[in-house]
Amino acid sequence: MAMCRYVTVIVLSTVFVFIRAADITIFYQILEEQEPPLYLGNVADASKLASIATADEFANMRYSFLKTVGTYFTINENNGALSTNSKLDRETICPFQKSCLLQLRIGASSGTFFQPINVNVTLKDINDNKPEFSRSSIVLNIPEDADINTTYPVIGAVDKDMGDNNSLQTYELLPDSGTFGLKFDHSLSGNIEVSILLKQTVDREVLSHYQVYLVAKDGGSPQRSSMLTINVTVTDINDNKPIFSRKQYDITVPEDISVPNKILNITAVDHDAGLNGDVEFTLISSPSSDAQTFFAIDKSTGQLSVIEHLSHTKGAPLSLIVQASDKGTPPKSSQVALTITVTDVNDNPPEININLLSSGSTARANENSPNGTVVAYIGVTDKDTGNNGIVSCSLRDNTFRLSKLSSSQTEYKVLVNKVLDREKDIELVVTVDCQDSGKEPLKTTSSFIVQIIDENDNFPEFLKSFYNESMVESDHTGIFIAKVTASDKDEEENAQVRYYVEQGNADKFYADPSTGVIRTTVPFDREMQDVYTFQVLAVDGGQTKAFTSTATVELHILDENDETPRFNQTSYEFKIQENLQSKTFVGTVYATDNDISDNGKIKYSIKSRNRAVPFHIDPSTGTIQTNGILNREYKNLYTFEVKAEDFGAPSLNSTVNIQVMVLDINDNSPQILYPVQGNGSIKVSHLTPANSVVTKVEAFDPDNGPNGSLSFSIRSRNDNNLFFIESNTGKIFLAHSIQSSEIKDYLLVVEVQDHGITPRSNSTEIKIRIELTKTSASSEASIGQNVLIVITIVCVTIVLSLAIIVIIFLIRRVDNNKLMKDYPPPGKEEFQISETIHLNTNKKSILTKETNLPNGYNTNTLSGGDKKEVSFSLDDHRDSGIFMIANSESGSPKPQQSLKQIHESSSDPNPHEEEHHRMSSIRLHQKLLNSSYNKPLLYHPDDRRQIWSKRHGEDTRSDLSEDVTSDSGRGGSEEDVHHHQMYPRSGIVI
């Protein structure tokens with residue numbers, strides 16, 4: 001897991017360098033919450049110290065903190081590797097800050113060299129916090145008379161994350177009932193202030209409590225959210241007045257009733273709450289009437305009582321008004337009429353005559369007839385006289401009431417007193433009681449039947465108010481959903497019910513008007529919407545006014561496997577270090593399927609044609625692990641496909657491309673190409689000037705980056721510091737002019753070490769022989785010239801010796817057998833080194849060689865005769881290895897042939913021929929030394945290095961370094977190079 005975090009930093013970190021006269025500033029970006037140690041980068045490399053410090057200063061550089069932030073970071077004092085020391089929590093270090101910048105200051109010092117380096121580390125946010133409310137629920141009181149668009153502030157959420165998308169982004173109110181909404185205000189500080197918006201009026205008497213949920217969401221991936229429960233209470237206002245149970249109260253009380261006596265219970269209700277719904281009763285009479293003195297009413301219960309004797313109240317009925325008032329502010333009240341008839345006692349019963357308005361023996365009345373509708377007339381007579389002949393009549397049921405005709409005191413109308421309901425009573429028996437006013441009143445009773453005629457006053461009633469149905473998603477129409485049934489308590493046409501789907505969903509569903517069967521009219525896709533809720537209407541057949549009822553149908557769309565798994569990325573790129581154990585975590589792929597259950601359940605696999613890759617994927621989680629140990633030097637990139645497949649029948653699948661890059665670790669030691677075991681001594685003339693290059697150590701490391709970057713040092717020596725080595729190039733120089741006492745053999749042990757965190761090294765021995773260069777002194781006047789001649793001869797000897805070594809190495813490389821077939825054998829055609837070969841500074845290197853020299857080679861061929869020139873040029877063709885053979889007689893070049901082609905065409909080199917060419921080259925060297933050719937030969941070691949120095953996965957081993965023995969030395973000086981620039985045709989430059 002640590003390696004995975006290291007890889008994440010390499011991907012996310014971005015380095016910018018600004019170099020000023022005094023300070024250097026570099027920038028890193030890392031994600032918070034990464035496990036330590038997390039490698040940020042190399043301060044030395046990022047600040048390019050190598051370009052402003054000398055090689056020795058850079059090699060001995062030490063790094064330390066001048067300023068740091070807590071103990072979050074650590075730096076390697078030797079190589080400048082900067083890493084985290086602990087896990088960094090952005091919300092702790094930079095709470096509620098848009099940008100989190102940690103500023104470090106590092107000092108790089110070496111001797112007198114000191115360079116301050118400013119390091120700015122930007123800590124990037126990850127979505128590791130969700131929006132949080134300070135409380136889980138709140139109570140919100142809204143009066144029922146609140147205006148639409150009134151807002152009520154609620155508490156908001158706080159998200160500790162401050163990334164562009166990880167912070168709080170939006171709110172959502174659930175459920176979306178249409179009664180409430182959200183309103184947002186942005187403060188000057190950038191916070192979102194949220195309020196509940198009233199979108200519809202509320203009525204406490206209809207619904208007194210709501211519960212909604214405020215969801216706060218951030219913009220991260222995956223998205224995080226939290227929820228606040230809002231309990232909305234609709235508070236009461238005094239918007240209802242008391243309602244009496246009757247519209248009028250008519251009672252008859254005998255004049256001899258005992259006192260006190262309860263005679264009537266009056267009731268009224270108020271739908272408001274609290275004091276707004278608490279009712280009190282009072283009696284009101286006209287100023288000219290004293291009826292109130294005979295009766296009293298309990299203000300709390302509405303119980304009416306007789307409090308005075310009624311003997312002297314004979315005559316007309318007593319009329320009172322009962323008032324019901326609530327205790328609201330201001331109070332609301334209602335009134336109802338109260339008629340009290342005091343009967344007299346007599347000895348002749350009254351006679352009652354009933355006249356019906358309809359034919360037959362039964363009266364008829366439409367249900368819901370208005371109050372006061374006449375259903376019959378009643379006439380009453382009494383044979384008594386006086387008070388005993390005064391008759392009063394009443395009805396036993398208050399469904400109807402009696403009303404006297406204005407022209408007579410003995411004739412009444414029977415009026416409807418309350419709503420008639422046929423569904424409750426098909427017929428009503430009306431009983432009329434008539435009683436005279438005698439001291440001992442006599443009473444007569446008569447009855448008649450009132451038949452209730454039906455009207456359309458009932459709503460259809462569904463057998464169920466809620467239908468929970470389901471169907472499988474389908475692209476077909478006309479699929480059966482449900483059958484609804486409703487009945488109507490009315491009769492005939494008023495009870496005939498027809499069915500319809502509500503307007504908003506009539507385009508998706510159809511209800512058969514007669515049967516109530518509901519079918520689909522469009523295809524349904526569960527992934528678009530999985531639940532549909534709609535209303536079904538039941539309409540009766542009323543002619544004047546039709547009544548409608550509704551039932552709710554909730555349709556659940558069941559899943560079918562019609563969605564293909566989809567990866568969250570079009571491709572994946574992972575990185576992993578080499579040499580880690582098998583089953584090391586590489587990365588995770590993730591796919592989703594919009595289906596559900598098995599249709600949406602996904603399993604992962606590596607496609608069969610990629611089974612050879614050294615990786616395994618967990619079928620359930622998509623986690624990729626290694627199957628073995630990876631070697632970057634063997635292969636540094638793997639490409640394969642992963643398949644995501646659901647469990648449906650039949651199953652669906654999709655694939656995605658995976659790239660795994662193998663990262664380097666320091667698992668290879670430097671390999672030394674030159675010198676190797678068996679090399680002879682390096683011969684150096686005692687006249688060689690100080691600071692001249694004596695030889696160069698060639699080495700390479702197949703690792704990458706710092707793991708493959710090399711430094712050279714002398715580990716063991718017996719030269720009294722006569723030589724020194726350049727640490728970054730491997731060049732060995734003379735430290736000072738050679739004294740006569742220093743003319744002897746030396747042995748240096750050179751160590752080559754890479755720059756890995758745990759460096760690896762290798763070493764080799766170099767034998768150096770200091771030789772005395774003798775000069776001829778014919779006369780004192782020519783001493784200077786002779787010295788120059790001697791130096792020139794020595795240089796020519798060294799350069800030609802080196803040229804012969806290079807030629808031998810190249811011959812071994814390109815396979816001598818092929819060259820023997822393509823060119824004449826010894827004795828048939830002579831080749832010689834071109835007299836003058838110029839150094840082209842635009843080329844990597846120019847090699848000249850002479851091959852296939854006969855045993856009897858004559859040095860005179862240097863100045864005359866047929867000459868063959870062989871030149872090797874890497875100019876603009878260094879990758880293809882093109883060389884050209886030019887014939888000096890014709891002046892035309894021979895066809896070009898690559899070194900690679902020569903090598904491929906020759907597979908079995910002949911060791912005898914190789915030895916023959918080596919001896920020929922040595923003899924050529926000796927003859928050239930004896931000839932009159934006295935022009936100096938120059939050698940610059942940098943040119944040879946350009947030929948075979950390759951890295952990073954390429955073959956850096958030069959065949960020139962294998963099994964080479966030579967008594968010739970390597971050398972040269974800057975003065976020689978200068979001499980060649982002044983006299984460009986004076987020697988051979990390699």
Which residues does the label zone of K424 cover in the stretch 369-391, counting backbone N under 13 Å from a point 7 Å along Cα→Cβ?
369
Quickly work out the A337-to-Q248 label distance, labels modelled 7 Å from Cα along the C-beta direction, and quote it in nm with one decimal.
0.4 nm
Of all chymotrypsin sites (Phe, Trp or Tyr not before Pro) in the stretch 67-141, which ones are in loop regions per DSSP and have a Cβ with at most 16 other Cβ atoms within 10 Å?
F96
Translational diffusion coefficient, Stokes-Einstein: compute it for the stretch 322-398 using the Kirkwood radius over C-alpha pairs as Rh, at 25 °C and 0.890 mPa s, and state it as an integer in µm² s⁻¹.
148 µm²/s
What the 5 Å binned alpha carbon P(r) of the stretch 645-742 shows, as percent of pairs per bin from 0, is 2, 9, 14, 15, 12, 9, 6, 5, 4, 3, 3, 3, 3, 3, 3, 2, 1, 1, 0
Pairs from K464/K489; K199/K332; K683/K774 whose Cα-Cα separation, in the structure shown, is over 20 Å
K199/K332
Contour minus Cα-Cα span, Q211 to I192, at 0.36 nm per residue, comes to 4.6 nm
Please compute the length gained on full extension between I321 and E493, using 0.36 nm multiplied by the number of residues separating them and subtracting their Cα-Cα distance.
57.6 nm
Violating pairs (Cα-Cα greater than 22 angstrom) within the set K696/K744; K247/K299; K299/K443; K124/K183
K299/K443; K124/K183
With only alpha-carbon pairs counted, each pair once and no self-pairs, how large is the Kirkwood hydrodynamic radius of the stretch 550-705 in angstroms?
20.2 Å
How much length would be gained if the chain were fully extended between D530 and D278, taking 0.36 nm per residue of separation minus their Cα-Cα distance, in nm to one decimal?
85.8 nm
What's the long-distance tail for the stretch 583-637, i.e. % of Cα pairs beyond 12 Å?
70 percent
Out of the total accessible area of the stretch 44-90 (probe 1.4 Å, heavy atoms of protein only), what percent is carbon and sulfur?
46 percent
Determine the per residue accessible area of the stretch 456-533 with all protein chains present and a 1.4 angstrom probe, expressed in square angstrom.
57 Å²
log10 of Debye I(q)/I(0), alpha-carbon scatterers only, for the stretch 481-546 at 0.27 Å⁻¹
-1.17
Students often get this wrong, so check it: of K87/K217; K241/K418; K87/K601, which have C-alpha atoms separated by over 31 Å?
K87/K601
Ignoring ligands, DNA and RNA, what percent of the accessible area of the stretch 508-578 is carbon or sulfur (1.4 Å)?
46 percent
Using +1 on the beta carbon of Lys and Arg, -1 on that of Asp and Glu, and nothing else charged, what's the dipole of the stretch 146-240 about the Cα centre, debye to 20?
220 debye
Place a label point 7 angstrom from the Cα of S597 along the Cα-to-Cβ direction, then list the residues of the stretch 632-670 whose backbone nitrogen is under 12 Å away.
648-649
Please report the projected area of the stretch 212-271's Cα convex hull averaged over all directions, in nm².
8.5 nm²
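The values are calculated or read from the model by the stated rules, or taken from the named source; none is laboratory data. These numbers were taken from a predicted model, which means no experiment stands behind them. Using ideal geometry, Cβ is built from the backbone for each residue, glycine included, and neighbour counts are taken over all protein chains shown. Accessible surface is based on the protein model in full, side chains and every heavy atom, while ligands, DNA and RNA are left aside. Shrake-Rupley method; radii C 1.70, N 1.55, O 1.52, S 1.80 Å.
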